[in-house]
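The values are calculated or read from the model by the stated rules, or taken from the named source; none is laboratory data. If you're wondering where the values come from, they're calculated on a predicted model, not measured in any experiment. Virtual Cβ from ideal backbone geometry, glycine too; neighbours counted across all protein chains shown.
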């Protein structure tokens with residue numbers, strides 16, 4: 001509208017400037033003096049002051065980005081609230097779709113925070129089952145189990161990423177993306193950056209999280225690493241889950 005207003009103003013000024021010339025033939029008897037009189041009529045050029053109508057454009061300098069930063073703070077509070085609710089319940093089931101890049105298929109895990117995890121999956125056509133308790137891993141071999149304990153390395157608790165309190169501090173750039181649904185249930189979607197501690201060291205990830213309106217917990221997430229590889233996770237809270245050492 002501002003551009004149109006300026007164009008209309010220019011057209012109006014042009015028309016006003018043209019009207020004096022037709023009046024010029026009317027007053028030749030009065031001598032050239034009247035013709036100088038029309039020149040003042042060019043004072044409509046002050047109508048070029050509509051140009052200040054571009055000043056409204058200044059109001060369109062949309063300081064609305066400022067509310068956006070305030071919104072990101074509210075978005076972070078909502079995300080952290082959901083994470084803390086998941087930590088409070090402390091027991092959930094994770095499913096990851098088949099991944100042709102990693103070779104994982106039928107990946108399912110049951111988690112009891114802070115550091116108990118039971119994983120069943122297929123890796124490159126080989127089924128496997130692992131139970132992690134702290135830094136001890138129990139690996140199923142045939143019908144039996146073997147165990148391996150690491151004094152160093154990375155525990156499941158450390159790999160829990162943004163589920164840890166210190167991981168919450170690493171969450172940045174939280175943005176609310178609006179409403180969506182997962183399996184027909186209403187959710188709110190948030191995007192953020194986070195750091196996961198993996199075996200090779202801290203890794204930066206961009207994450208999208210779907211938070212259930214009903215339970216205020218994350219029910220779906222998509223994590224993209226620095227190489228651009230995205231993995232999708234479905235999460236189901238279940239306070240009845242137990243994970244114990246098999247031997």
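Of all the listed residues (82, 137, 75), the sole one being in the same structural domain as residue 213 (by TED's automatic domain parsing), in a strand (DSSP E or B) and either in contact with a strand residue (DSSP E or B) (Cβ under 6 Å, 6 or more places away or on another chain) or buried (at least 17 other Cβ atoms within 10 Å of the Cβ) (or both) is 137. Is it true that some residue in the stretch 125-132 is in contact with a strand residue (DSSP E or B) (Cβ under 8 Å, 6 or more places away or on another chain), buried (at least 19 other Cβ atoms within 10 Å of the Cβ) and either part of a strand (DSSP E or B) or at pLDDT 95 or above (or both)? Yes - at least one qualifying residue is present in the stretch 125-132. Selection of the stretch 191-241 for residues being at negative phi, in contact with a helix residue (DSSP H, G or I) (Cβ under 8 Å, 6 or more places away or on another chain) and in a loop (DSSP other than H, G, I, E, B) yields 215, 217, 239.
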